[in-house]
């Protein structure tokens, strides 16, 4: 009954209890803020791609402070980042979302 995932289950149970009790739910300590933000970007990118948006349009939505010039678009790091976000987001949507919470925790 008790295994390596027991600490993960206890954290999930504690967060669930807070939610049903109407208390503020603390952020999940198994995900860093950076991973949480990247997961949000991935899901937004997948949603945009599913509606037919181009990689350039997705990049403009995700990174509004970066100037995406049409002449230099092909070689930009923003383009590569956007393509990776869509690729990795599709993996999450296809069932890889469970891997998010099985990562090493910050307290280790």
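No lab work stands behind these numbers, since they all come straight from the coordinates. What you are looking at is a predicted structure, and each value in this text was computed from that prediction instead of being measured. Reconstructed Cβ throughout: ideal geometry from the backbone, glycine too, with neighbour counts over all protein chains shown.
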Members of region 21-37 that are loosely packed, with under 10 Cβ neighbours inside 10 Å and within 20 Å of residue 97 (Cα to Cα): 33, 34
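Results for (1) touching a residue at least 40 places away in the same chain (Cβ under 8 Å); (2) closer than 28 Å to residue 8 by Cα, shown as yes or no for each residue.
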| position | (1), (2) |
| --- | --- |
| 19 | no, yes |
| 31 | yes, yes |
| 52 | no, no |
| 60 | no, no |
| 66 | no, no |
| 69 | no, no |
| 75 | no, no |
| 79 | no, no |
| 88 | yes, yes |
Flag for residue 73 being surrounded by 10 or more Cβ atoms within 10 Å (Cβ to Cβ) and touching a helix residue (DSSP H, G or I) at 6+ places or on another chain (Cβ under 7 Å): yes
Single match in 83, 11 (criterion: surrounded by 11 or more Cβ atoms within 10 Å (Cβ to Cβ), in contact with a helix residue (DSSP H, G or I) (Cβ under 7 Å, 6 or more places away or on another chain) and within 25 Å of residue 99 (Cα to Cα)): 83
